[in-house]
Amino acid sequence: MTSVTQVPPYRSRTRFQHFTIQSAPLLLALIILAGMTGLYVGLFYRQLSRFPGNFELTSVVNTSMPLVFAAVGQSIVVLTRGLDLSVGGMIDLTNSLAATHMHAGAGSMLVWSLLVLLVGAAGGAINGVLVAYGRLQPILVTLATLSIYQGLAIKTLPAPGGSVPLEYTKILANPNDPTGLGFVALIVVIWLVFRRTRLGVDIFAIGNDEEAARAHGVRVRATKIGAYVLSGTFAAAGGLFLAATTTSGDATSGDVFVLTSIAAVVLGGISFFGGRGSAIGTVAGAFILTLLINVLFFASIDPLYQSFFQGLFLVVAILLGTLIRRLVGMRG
Amino acid sequence: MTAGAETITPEPRWRKLLASLTPDRRRVLYAFGAAALVFAVGELLHPGFGSTASIKAILVIASFVGFVAAGQTLVILVGGIDLSVPWVLNGAAILLVTSSLGRDGRAAQAVLLTLALGLLTGLVNGLGIAYLAVPAVVMTLGMNGIMEGLTLGVSKGLTCGSCASYAPKAVQDVVRSNVLGVPADLFLWLAVAVAMTFLLSATTFGRRIYAIGNNNTAAFLAGINVRLMTVVLYMLSGLFAALGGIVLVAYGGQATLGMGDPYLFQSIAAAVIGGVSILGGRGHYLGTLAGSITLVALVSVLLAENMPDWGRSVVYGGAILVILLAYGRERQQL
């Protein structure tokens, strides 16, 4: 990287210091989320003279879900010091597959959901093998596979259309109640367990120091492949939720997730230098990004300026994070 | 001939020559080889693909990638990346037509204004990255959003009165007229290539870029002002993105929304196919130039094949992977 890094002399830290160092960015993400929610509620009240209710909560949750999944997958790869640009293509592909093949009936919905997740895992495995065994840089591998998955998506669904069964929408993106929060809770539980599994610990280890991890017997290649498989699978889940929310398919609708998933990861406080951060922060980051769009809407800001404020917000949020990290004395 | 006679045959000269090159220079040769291969395959499939007229047309399209990739190469050489290319380019293109209103009298000032916009965005990127320690990916991603919002907002979604203006005739001529039977744009690209090669290989500035890219702490300790260099390089990247916008709008006549989108990934891919290491410190602009030609020629072959959209996308990605696997691999660890 371009900034000059200075390695501080080793000093032992107390348990509390360790906790703050690992959790400060997560806390910051949660604080930003709380602030953004407050801003949203305030602006909403000013405009409509009532507080946002069940409908608004449901809408925010359902809009956020595809990004939540894509970004959680992205964070697992970023934790290994990698980057997965192919999530966009994978969402394109899985969204198109779901919209063209899934039919009403529990059997079809179940089978196709599993198949789509398998496609995601396979796509991730291709990325992982190329990174681990091909010894290619992650950003380049996933740049190339992004193009490949986008192509396959267009092959699957040449023009926007297709449909997913109504029941499927009700299960994944219930338009009446915020049942999507159940999936968020599920992700948090899965993460807390995963973080303590062999694979989870190894991912953090190679993100912190690949050579040291190798010396300690971590199977670096297998771990990397595992991380990309998870990223592909999560992206596929994001594609399914996107299909459920929009009730149809579009072979290009996933492209935006390349950049938004990175933004959510960054806002969630995961370090780009690997090995630091929590997917819970990423979930918060995804919700922050969705709420920001709502805040801009209720602040009566011309939608054309939307990306301006998103970009500005991203940079300012990172600056805040850097400032806080400097204060608690942690690297990158 | 017996087996014994073979062993005393001296090594062919080209092999000796190749072995005498540094790995970085060898990669530049491979990149030109890849470009030649694509043209050869194109000629085989479509006689006439390798004709002078067709090569000229492909080179002109490749030059657009080449301009943008020049800036991208500079920041990649110090281990950075510039994701703000798409909307800096697009904003620049729109600024050129709206500030010149298509009049030749205003062409010079419009071009200068547009290049200044590129420098300014690069300055902000560089300051954020070098002095505020924002990761390059985040800073330039944010800048891309900022430029997108500003471009859309100020031009009211390209519906403003002057947005439909054409690029001034004088600017169009620089790109489209023929000089000695060669599109003038290619002379511009040649000038950029010579300047970049001179800058990187023959100046202290260039040596400093490689020093920072190889080890920025060592470069800092050796007395290089790493932060200032970083700012300057991002400014140059912004400048080249703006130049790309000017040339593109001059070629097409009018500005459109989203015209910069393909150039982000293409500029990175061109540099990497040309042997520039994404980790910084290794590579030459000549490689990037060959990479741009390879990419555009590849797309042209696929178009000539009447390959459907999806197939082009798949083959394109696959070809990048094959090229990377052929000579873009990192060294074996331990």
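Each reported figure results from applying straightforward, stated rules to the coordinates on display, with no laboratory input. Every value quoted in this text rests on a predicted model; they were computed, and no experiment measured them. Don't worry about glycine lacking a Cβ; one is built from the backbone with ideal geometry, like all the others, and counts go over all protein chains shown.
Between rounded, prolate and oblate, where does chain B land on the alpha carbon gyration tensor, with a ≥ b ≥ c its root eigenvalues, rounded for a/c under 1.5, else prolate if a/b exceeds b/c? Judged from the Cα gyration tensor, chain B comes out oblate (a/c at least 1.5, b/c at or above a/b). In chain B, the longest principal axis of the Cα atoms and the axis of helix B:309-327 are about 50 degrees apart. The distance between label points at B:PHE187 and A:TYR45 comes to 6.8 nm (points 7 Å beyond Cα on the Cα→Cβ vector). Largest GNM mean-square fluctuation among B:THR203, B:THR256, B:THR288, using chain B with Cα springs under 10 Å: B:THR203.
Counting only other chains, what is the mean number of Cβ atoms within 10 angstrom of the Cβ of each residue in peptide A:149-162?
Mean partner shielding for this stretch: 3.
The A:VAL189 and A:ALA215 beta-carbon pair, evaluated with R₀ = 30 Å, returns a calculated FRET efficiency of approximately 0.35.
I want to check the label-to-label distance for A:GLN22 and B:PHE198. Put each point 7 Å from Cα in the C-beta direction and report it in nm to one decimal. It is 5.7 nm. Taking every residue in A:312-321 and counting other chain Cβ atoms within 10 Å of its Cβ, the average works out to 5. When chain B is treated as a Gaussian network with alpha carbon springs shorter than 10 Å, the biggest mean-square fluctuation among B:PRO262, B:PRO308, B:PRO23 belongs to B:PRO308.
For the range B:258-334, the set of trypsin sites (Lys or Arg not before Pro) satisfying both a DSSP loop assignment and a count of at most 11 other C-beta atoms within 10 Å is given as B:ARG331. If a/c stays under 1.5 just call it rounded; otherwise compare a/b with b/c (prolate if a/b is bigger, oblate if not). Do that for the protein assembly as shown, with a ≥ b ≥ c from the square roots of the Cα gyration tensor eigenvalues. It is rounded, given that a/c, with a ≥ b ≥ c, falls under 1.5. Comparing A:GLY232, A:GLY105, A:GLY162 in a Gaussian network model of chain A where C-alpha atoms under 10 Å apart are linked, the largest mean-square fluctuation is found at A:GLY105. Among the DSSP helices (H) of chain A, those spanning at least 24 angstrom by Cα along their long axis with an average Kyte-Doolittle hydropathy of 1.6 or more are A:106-132, A:279-298; this is a geometric and hydropathy rule only. In chain A the longest region clear of trypsin sites (Lys or Arg not before Pro) that are loop-assigned by DSSP and have at most 11 other C-beta atoms within 10 Å covers A:51-195. Dipole orientation for the range A:40-157: of the candidates A:LEU110, A:VAL77, A:ALA125, A:VAL77 has the Cα lying most toward the positive pole (charges on Cβ; Lys, Arg +1; Asp, Glu -1). In terms of surrounding Cβ atoms within a 10 Å radius of their Cβ, A:VAL78, B:VAL78 rank from fewest to most as B:VAL78, A:VAL78.
A Förster radius of 22 Å combined with the Cβ-Cβ distance from B:ALA116 to A:THR322 puts the calculated FRET efficiency at roughly 0.15.
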